[in-house]
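Everything on this sheet refers to the single structure shown next.
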Amino acid sequence: MNTSSEEEVRDLYEESADWYAKMMDTEIDLPVYRDSLGRLSERIAGIPGELIDTSCGSGHMLSLYNETFDSERPLLGIDLSPRMVGIASSRLGPRATVLIGDMRDLSAVESKSAAAVVSFFAVHHLGPPDIPFTIQEWHRVLRSGGQLLIAAWEGDGPIDYGDQSDVVALRYGSEDVANWVRNAGFVVNRCLVQSVEDMEMDAIYLEGTKP
Ligand SMILES: C[S@@+](CC[C@H](N)C(=O)[O-])C[C@H]1O[C@@H](n2cnc3c(N)ncnc32)[C@H](O)[C@@H]1O
């Protein structure tokens with residue numbers, strides 16, 4: 001099964017960006033965000049370079065990182081949806097660079113320059129053929145010791161958006177995600193499947209290191 005086109009995905013988030021940002025105002029208080037970013041922050045403490053959120057949405061994770069863990073770290077947010085980029089830019093102001101872009105292509109970022117790459121709840125918009133080269137692209141931009149943090153919807157087959165959208169997005173198994181990450185050259189430090197409050201789907205939370 002193919003995932004929806006870039007245009008369809010962009011339209012979904014253009015329409016839902018305001019609602020999404022409001023939802024994230026409370027969601028960001030869930031311990032998983034603070035815990036994951038806290039571990040990431042410790043692991044990159046001695047590593048210079050940007051923290052890149054490759055699908056930053058409303059910018060809540062970059063903001064949490066900046067406010068709670070490291071106000072000095074340069075931050076780069078990328079997102080397909082101009083509306084999301086606008087919301088994230090307003091939230092972050094001069095604390096981050098936020099660009100319209102595609103998580104599959106970080107050609108604006110030099111190889112071996114970044115300290116961390118974050119991808120929360122966005123790889124479901126990529127089909128299986130796109131995921132290996134996308135994770136290789138994230139590996140390319142990281143320095144040695146750099147960290148990868150992924151959250152993805154766990155399972156098999158399409159996500160049911162109900163009446164909200166006809167967009168086709170896919171859930172993946174934790175073993176598949178961990179294998180894509182390993183095959184790109186990362187060491188997987190942690191890969192857990194956890195339930196998410198008020199959601200019928202579980203989530204995969206993966207943390208990896210570029211050796
Ligand atoms: C479910 S939201 C998650 C946003 C944010 N990571 C968070 O956890 O709050 C998915 C985001 O991925 C973005 N997105 C989808 N496909 C993308 C792509 N190919 N490149 C960059 N961003 C993409 C959407 O525009 C949307 O903002």
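The values are calculated or read from the model by the stated rules, or taken from the named source; none is laboratory data. These numbers were taken from a predicted model, which means no experiment stands behind them. Neighbour counts run over all protein chains shown; Cβ positions are idealised from the backbone, glycine included. Areas reflect the complete protein model, heavy atoms only, side chains present, ligands, DNA and RNA absent. Shrake-Rupley method; radii C 1.70, N 1.55, O 1.52, S 1.80 Å.
Things worth noting here:
- Residue within segment 182-197 that is touching a Leu at 6+ places or on another chain (Cβ under 6 Å) and in contact (Cβ under 8 Å) with a residue 60 or more places away in the chain present: no
- Among residues that are in contact (Cβ under 8 Å) with a residue 40 or more places away in the chain, over 20 Å from residue 187 (Cα atoms) and in a helix (DSSP H, G or I), residue 61 is included.
- Meets criteria (surrounded by fewer than 22 Cβ atoms within 10 Å (Cβ to Cβ), of a type outside the set (Ser, Thr, Tyr) and closer than 18 Å to residue 122 by Cβ) for residue 62: no
- Residue 49 being in contact with a Gly (Cβ under 9 Å, 6 or more places away or on another chain) and part of a loop (DSSP other than H, G, I, E, B): yes
- Number of positions in segment 152-190 that are within 23 Å of residue 43 (Cα to Cα) and open to solvent by less than 50 Å² (accessible area, probe 1.4 Å): 10
- There is no residue in segment 127-137 that is open to solvent by 30 Å² or more (accessible area, probe 1.4 Å) and more than 16 Å from the ligand (Cβ to nearest atom).
- Meets criteria (farther than 17 Å from residue 152 by Cα, within 11 Å of the ligand (Cβ to nearest atom) and in a loop (DSSP other than H, G, I, E, B)) for residue 11: no
- For segment 87-98, filtering for residues that are among the small types (Gly, Ala, Ser) and free of Cβ contacts under 8 Å to residues at least 24 places away in the same chain leaves 2.
- Screening residue 71 on (1) part of a helix (DSSP H, G or I); (2) more than 16 Å from the chain's Cα centre (by Cα) shows it passes everything except condition (1).
- Selection over segment 81-126 of residues that are of a type in the set (Ser, Thr, Tyr) and either touching a His at 6+ places or on another chain (Cβ under 8 Å) or near the ligand (Cβ under 10 Å from one of its atoms) (or both) gives a count of 2.
- Residue that is surrounded by the most Cβ atoms within 10 Å (Cβ to Cβ) [pool: residues in segment 96-118 that are under 15 Å from residue 81 (Cβ atoms) and touching a strand residue (DSSP E or B) at 6+ places or on another chain (Cβ under 6 Å)]: 98
- Tally of residues being open to solvent by 10 Å² or more (accessible area, probe 1.4 Å) and either among the polar types (S, T, N, Q) or in contact with a Cys (Cβ under 7 Å, 6 or more places away or on another chain) (or both) across segment 45-59: 1
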